[in-house]
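Notes follow the structure.
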Amino acid sequence: MDKSRPQARAVVVGSGIGGLTAALALHRRGWQVTVLERAALLRPVGAGIGLAPNALRALDTLGLGDELRELATWQGDGGLRTPGGRWLSRTDARAAAARFGGPLVMLHRSTLIGLLAGRLPEGTVRTGVPARLADPGTPGGRPARVAFPDGELEAELLVGADGIDSAVRTALFPEHPGPVYTGMTTWRTVIPAPGEPFAPHETWGRGALWGTQPLKDGRVYAYAAAAAPERSFAPDGEGERAELLRRFGHWHQPIPSILAATPADAILRHDVRQPARPLPAYHRGRTAVLGDAAHAMAPTLGQGGNQAIEDAVVLAHHLAPGADPGPGLAGYSADRMGRTSAIAAKSARIARLATLGSGPAVALRTALMGLAGRLGPGLALRTFDSIADWRPPTRTYADLAPEHPAGSATR
C-alpha cells in the first residue's frame, strides 16, 4: 500500500459473525475499518454454530482456522434417527473429514465472536450506535455515508452486515419485498451435558426435527424446528419449554434429559424467514451486503453463518484499498450470488422434507432414508458436495499482514 496516500476507509454496519469476519478480512487487506453496532455491548448472545470445512478454509486466510479446528468434538459416528431412537443412517467423522478435507467444528457463537473481535485493533468496534445508510456512494465518485444519532461517517466502502431485517439492504433495494415466513420455527439452547453419553444426531419426526451436538467445553448445543403458524410464540420462557416438552418430551434419549435440564430462560425461538426472491445484486454504489442481509436461509444445512464467512473473505479479496471499488464489488456479487442462492434453495427443500406433516409422506421418507443409510454413509455426505468442499480464492491477506500468519488453506 502507498504510504503517501490516505488509508482507505471501510465502515461495517453490524458486529455479528459476518460483520466481524468482514472487518478482520478488510483490515488485513489494508483498509481502515470501523464497525458500528446497535447493541450497547458485544454480549455472548445466540447459541451454537457448526463451522463446516468451507468456512474453516475461509477463516484460514485470517489465521483462525487451525485454532478453531482444535475445538472439534465429533470423533466417532453420528447420524439421523427416528423419534423412537432407531438409526436411519450413520455418518462417520473420519469419512466426512476425508471427503471434504477437514472436520465439522461445533462451538458457541460467542466463542467465534470473541476470537474475531480479539484480532481487530482496539477501538474498531463502536457499540451503542444505531446506524442508517444515508448515501450508498458512487464508484469513482462520492463516498458512501452512514448516519447515526451523533453524526455521520464517510467511507470509500460500506458493508451492510446487519442481519435479516437489514436497514442497509432496504435502503439499497427499496423495491425488494424482503424476507417472508417459511412456515418453520426454530428453538435453540446451550446447556451443560446430561450425564449419559450420546452420539451426535438429528432426529426427524412428523412435522418436526431435533438435533443434539456436543461442544468442546462440555456443554451441549440442542436445536429443534417444527412447522408452526407465524409468530405463535409462547407468552414467556416457561411456555417455550412447555411447548418443547409437548412436542419432543416423548422422543428418544437424550432429548427428554436435555429438556429436563434446560432452564426456561435459556431457550431461543425464532421464526425462519428468507427472501421471497433473490436480490438483484449484493451491492450498489460503494455499498455491499452480506450474510443474512443478503441471502437469509433456512438452517437445515447449517450454512447461514458459514456463507456469511465466505462472503466476507471473498468481498475483501475483491477490494484492494485505494482502487475504485466498482469492479471489485461487481466481482463480489458475481462470485457470491449463484452459490448462495443455490444453497438457500437447497436448504429450503430440506426444510420442507424435514417438516412433512402427512403420515404417509413421513413413512415414505423414513423408508427411503433407511434404505439410503443401509447403502453407506457416502449417500448422506453427498448432500454437502459442492458446499463443504469450497475453497477461498486466495491467501492474499496473510501476505499483507505477516503479524497474523495464515492457516493451512490451499488454493
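The values are calculated or read from the model by the stated rules, or taken from the named source; none is laboratory data. Since this is a predicted model, take the numbers as computed values, not measurements. Don't worry about glycine lacking a Cβ; one is built from the backbone with ideal geometry, like all the others, and counts go over all protein chains shown. The accessibility values were calculated without ligands, DNA or RNA, using every heavy atom of the protein model including side chains. Shrake-Rupley method; radii C 1.70, N 1.55, O 1.52, S 1.80 Å.
Is it the case, given these coordinates, that P327 is modelled with pLDDT of 95 or more, within 25 Å of R90 (Cα to Cα) and not small (G, A, S)?
On the way: modelled with pLDDT of 95 or more: yes; within 25 Å of R90 (Cα to Cα): no; not small (G, A, S): yes.
Judged against the criteria, P327 is not a match.
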TODO: For region 132-142, state whether one or more residues are under 25 Å from D324 (Cα atoms), buried (at least 18 other Cβ atoms within 10 Å of the Cβ) and among the basic types (K, R).
DONE: no
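Taking the stated definitions as given, is A388 in a loop (DSSP other than H, G, I, E, B), at pLDDT 90 or above and under 22 Å from L290 (Cβ atoms)? Spell out how you get there, then give the answer.
Values: in a loop (DSSP other than H, G, I, E, B): yes; at pLDDT 90 or above: yes; under 22 Å from L290 (Cβ atoms): yes.
When the stated conditions are applied, A388 passes them.
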Task: Test result for A288, in a helix (DSSP H, G or I) and crowded, with 19+ Cβ neighbours inside 10 Å - done: no
Open item on the list: Condition check: at pLDDT below 95 and closer than 16 Å to R9 by Cα. Does P139 satisfy that?
Closed with: yes
Task: Scan of region 25-56 for residues that are open to solvent by less than 50 Å² (accessible area, probe 1.4 Å) and farther than 28 Å from A224 by Cβ, ordered by number - done: A25, L26, R28, R29, G30, W31, V33, T34, V35, L36, E37
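Those residues that are open to solvent by 10 Å² or more (accessible area, probe 1.4 Å) and assigned to a strand (DSSP E or B), I need them from region 148-160; list them, please.
From region 148-160, those open to solvent by 10 Å² or more (accessible area, probe 1.4 Å) are 148-154, 156; that's our starting set.
Residues satisfying the conditions are F148, G151, E152, L153, E154.
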Open item on the list: For region 136-147, give me each residue that is in contact (Cβ under 8 Å) with a residue 60 or more places away in the chain, in contact with a strand residue (DSSP E or B) (Cβ under 7 Å, 6 or more places away or on another chain) and on the phi < 0 side of the Ramachandran plot.
Closed with: P136, P143, A144, V146
Task: From R126, R119, R132, residue being within 20 Å of D292 (Cβ to Cβ), of a type in the set (D, E, K, R) and touching a residue at least 24 places away in the same chain (Cβ under 8 Å) - done: R132
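Rundown of residues vs (1) small (G, A, S); (2) modelled with pLDDT under 95, yes/no style:
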site: H318; (1), (2): no, no
site: G331; (1), (2): yes, no
site: A344; (1), (2): yes, no
site: G370; (1), (2): yes, yes
site: L375; (1), (2): no, yes
Task: Qualifying positions in region 104-131 - farther than 23 Å from L157 by Cα, open to solvent by 20 Å² or more (accessible area, probe 1.4 Å) and among the β-branched types (V, I, T) - done: T111
- [ ] Could you name every one of the helices (runs of 4 or more DSSP H) located completely within region 28-139 that has at least 3 residues being aliphatic (A, V, I, L, M)?
- [x] 53-60, 93-100, 109-118
Task: Among (1) out of contact with any Asp or Glu (no Cβ under 7 Å at 6 or more places or on another chain); (2) under 19 Å from R277 (Cβ atoms); (3) surrounded by fewer than 22 Cβ atoms within 10 Å (Cβ to Cβ) - the single one M184 does not satisfy - done: (3)
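Which residue out of L209, L133, L215 is modelled with pLDDT of 95 or more, among the aliphatic types (A, V, I, L, M) and within 22 Å of G48 (Cα to Cα)?
Values: L133 fails: within 22 Å of G48 (Cα to Cα); L215 fails: modelled with pLDDT of 95 or more.
It is L209.
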- [ ] Select from region 208-237 the residues that are in a helix (DSSP H, G or I) and over 16 Å from T186 (Cα atoms) and list them in ascending order.
- [x] none
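Going residue by residue through region 342-349, is there one that turns out to be exposed (fewer than 15 other Cβ atoms within 10 Å of the Cβ), part of a helix (DSSP H, G or I), on the phi < 0 side of the Ramachandran plot and not basic (K, R)? Let's see the steps before the verdict.
Filtering region 342-349 down to residues exposed (fewer than 15 other Cβ atoms within 10 Å of the Cβ) leaves 342, 345, 349.
Of the ones still in play, those that are also part of a helix (DSSP H, G or I) are 342, 345, 349.
From what is left, the residues that are on the phi < 0 side of the Ramachandran plot are 342, 345, 349.
Within this subset, residues satisfying the condition of being not basic (K, R) are 342, 345.
Yes, that holds for at least one residue.
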- [ ] Return only the number of the condition from (1) surrounded by 18 or more Cβ atoms within 10 Å (Cβ to Cβ); (2) charged (D, E, K, R); (3) without any contact (Cβ under 8 Å) to a residue 40 or more places away in the chain that R90 does not satisfy.
- [x] (3)
TODO: Please work out which residue is farthest from the chain's Cα centre (by Cα), limiting yourself to region 244-256 and to residues that are surrounded by fewer than 16 Cβ atoms within 10 Å (Cβ to Cβ) and of a type outside the set (A, V, I, L, M, F, W, C).
DONE: H250
Open item on the list: Go through region 228-243 and report how many residues are within 24 Å of the chain's Cα centre (by Cα) and open to solvent by less than 30 Å² (accessible area, probe 1.4 Å).
Closed with: 2
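Go over the candidates L59, L80, L71 one by one and state the one that is at negative phi, modelled with pLDDT of 95 or more and either open to solvent by 10 Å² or more (accessible area, probe 1.4 Å) or within 21 Å of the chain's Cα centre (by Cα) (or both).
Working: L80 fails: modelled with pLDDT of 95 or more; L71 fails: modelled with pLDDT of 95 or more.
Testing whether each residue is at negative phi, modelled with pLDDT of 95 or more and either open to solvent by 10 Å² or more (accessible area, probe 1.4 Å) or within 21 Å of the chain's Cα centre (by Cα) (or both) leaves just L59.
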Task: Per-region count, region 335-388, residues of a type outside the set (S, T, Y), closer than 30 Å to V313 by Cβ and out of contact with any His (no Cβ under 9 Å at 6 or more places or on another chain) - done: 19
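What number of residues in region 161-179 are open to solvent by less than 20 Å² (accessible area, probe 1.4 Å), part of a loop (DSSP other than H, G, I, E, B) and either under 13 Å from A131 (Cα atoms) or among the charged types (D, E, K, R) (or both)?
Residues that pass the stated criteria total 2.
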